[in-house]
1. Using each residue's phi in segment 58-63, evaluate 6.51 cos²θ - 1.76 cosθ + 1.60 at θ = phi - 60° and report the 3J(HN,Hα) Karplus result to the nearest Hz, with x for Gly and Pro.
2. Of Lys28, Lys337, Lys272, which has the largest mean-square fluctuation in a 10 Å C-alpha GNM of the chain?
3. Go through Val297, Thr230, Ser249 and say which Cα lies farthest out towards the positive end of the charge dipole of segment 168-316; charges sit on Cβ, +1 for Lys and Arg, -1 for Asp and Glu.
4. Taking H as built 1.01 Å from N, whose amide H comes closer than 5 Å to the amide H of Thr230, not counting residues under 5 places away?
5. As a test of understanding, state the convex hull volume per residue of segment 168-316 from its alpha carbons, in Å³.
6. Can you give the charge dipole size of the chain about its Cα centre, rounded to the nearest 20 debye, using +1 on the beta carbon of Lys and Arg and -1 on the beta carbon of Asp and Glu?
7. Relative contact order (percent) for the chain, with alpha-carbon contacts under 8 angstrom and 6 or more residues of separation?
8. Report the semi-axes of the equivalent ellipsoid for the chain in whole Å, largest first, where each axis is √(5λ) for an eigenvalue λ of the Cα gyration tensor.
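Bear in mind that the values in this text are calculations on the coordinates, not laboratory data. Computed from a prediction, not measured in an experiment: that's the story for all the values here. Here Cβ is always computed from backbone atoms with ideal geometry, including for glycine, and neighbour counts include all displayed protein chains.
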Amino acid sequence: PVAGIEQSPGFTSYTPFTITQANAPSLKAGANTVDFVVDNVAAPGYTGLRVFSAQAPAGIPAAVVTGPQSREASAGDTVTFTAQGYGTAPVTYTWFKDGVAIPGVTGPVLTLTGVSASSSGSYTVSAVNPLGASAPSAPAVLRILSLVPGFGSTGLAADGTQLEDGAEDTRYVLSVNPDGAADAPAVVHTTTVFPISDNTWLGVSDTSKWISSRVDSVQAPAGDYVYKTTLNLTGYEPASTVITGSWTSDNVGKAIRVNGAATGLSNTGDFKNLTSFRIDDSNANFVSGVNTIEFVVENTTSGYTALRVDGLRALAVGGTATGTVPTVTIQLSGAGKPVLNVAGTAGATYTIQRSTSLGTAESPWASVGQAVVPAGGTVQFEDSTAPAGRAFYRLVIP
């Protein structure tokens, strides 16, 4: 608590306050949290908070508190990077792609619409105020990957349209089925009766539907139901695969498994809300060819049970690179930063990784950007975030 700062109930005027290290010794350099505690004495009843013209003191340099995060996308997606800055107002932002300032963007959000291969690269941001510009944030690497077809959310046809209630969702089978034969196709749950018609379960949308062992699961036996779908990575680089989506279930979603191995992902069985998930080479072992993805749902007692998976998609580096073996030459830019000249197969995308000690434990290989080779066969990449001193680079070839 900050000594001496209280405000008596009086909703028609403001009570001034000042916070310094004199009354808040825990203040420190960088980001601090400030909590306003309001006591609603006669609950239930009206309560609220209004803070007017709260400002940090003058003389605080700009800094990036939270920088953008690396991510993957497919061609045509809209990608958003966000940042949070700190310092004496006003604070604006300068965004960079591969070390080059992006004109016209001065806010904490960078939106890239309709991304393509040329959008891949390393994105950083600097916070700016009257005292100057901060150092750039850690780089966020945007990778443009291929969308793997034949894979999608529950209750949808291959073209993305909704299946009718009672229709078989042939992309999902019940490999373990307490309610009937194993490997029977899952069925789209009826939406016209409880628990969907009254929104006890998450309501109907265009992007997914509930599936179960039967059209109305009111008498479904207790037990673990395992819904299996497949992902065919023939022609793709398995280690590059990223699956994203969200899911919910009745009851608990005990696990998501890839090729029979647990990913460590689950949900609480909150059937009104979706739980997001991500599967990549950090929690799954993908293989070339057909992979199995299983969603394990526990029906704790006889009665309603179902699964819903929304926004499910898989991205990966498509195909095996053929043609020119890539080569790299390095020179220094006018600012003293390494510039990599990458020559290779036109259209190929190579991930650029850096280490200061050839990938030892002290400095493991880390991705700093991508080189998308144009028709001419050569592309330049400037490592604007390279540290002073020695650095090593390598290309990861799809």
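1. Result, ordered by residue: 5, x, 9, x, 5, 8 Hz.
2. Highest fluctuation among the options: Lys28.
3. Among Val297, Thr230, Ser249, the one farthest towards the positive end of the dipole of segment 168-316 is Thr230.
4. Under 5 Å from the amide H of Thr230 lie the amide H atoms of Ile293, each far enough along the sequence or on another chain.
5. Expressed per residue, the convex hull around the Cα atoms of segment 168-316 is 97 Å³.
6. 1240
7. After rounding, I find 13 percent.
8. So the three semi-axes of the chain are 43, 38, 17 Å.
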